[in-house]
Amino acid sequence: METVLDLLLIRFGLIAAGLVVLGLVLFAVVVSLRRRGKGHHVTTAARFATRVLDERDTRRGTRRGTRPGLGSRVAREALDRFEDR
């Protein structure tokens, strides 16, 4: 039983580390594009991601009264904050 819990903990750690690295890479890409004056590429990509996630939620057949998925909400919030600047 202890071995199974150890493996689950290791798997969780690897997934969390992968997500952190992915977030840092995306942040570095966004910062470098904005420094080069190509921030519109970031906005275009965020709009595309929001649209794709919204379509995915629609295809899944979300029931009336339920909120959109987490990915869709995160992309929409990121786009709103980026456009405010």
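The values are calculated or read from the model by the stated rules, or taken from the named source; none is laboratory data. These numbers were taken from a predicted model, which means no experiment stands behind them. Glycine also receives a Cβ, built like all others from the backbone with ideal geometry; neighbour counts cover every protein chain displayed. Surface areas here come from the heavy atoms of the whole protein model, side chains and all, with no ligands, DNA or RNA. Shrake-Rupley method; radii C 1.70, N 1.55, O 1.52, S 1.80 Å.
Please work out if SER72 is open to solvent by less than 80 Å² (accessible area, probe 1.4 Å), assigned to a helix (DSSP H, G or I) and modelled with pLDDT under 70.
yes
Look through the stretch 30-42, keep the residues that are hydrophobic (A, V, I, L, M, F, W, C) and free of Cβ contacts under 8 Å to residues at least 12 places away in the same chain, and return whichever of them is surrounded by the most Cβ atoms within 10 Å (Cβ to Cβ).
Among those that are hydrophobic (A, V, I, L, M, F, W, C) and free of Cβ contacts under 8 Å to residues at least 12 places away in the same chain, it is LEU33.
Of everything in the stretch 48-62, what is exposed (fewer than 15 other Cβ atoms within 10 Å of the Cβ), part of a helix (DSSP H, G or I) and either modelled with pLDDT of 75 or more or on the phi > 0 side of the Ramachandran plot (or both)? Give them in sequence order.
Within the stretch 48-62, PHE48, ARG51, VAL52 meet the criteria.
List the number of the failed condition for GLY37; all other conditions in (1) under 20 Å from VAL74 (Cα atoms); (2) not in a helix (DSSP H, G or I) hold.
Condition (1) is where GLY37 drops out.
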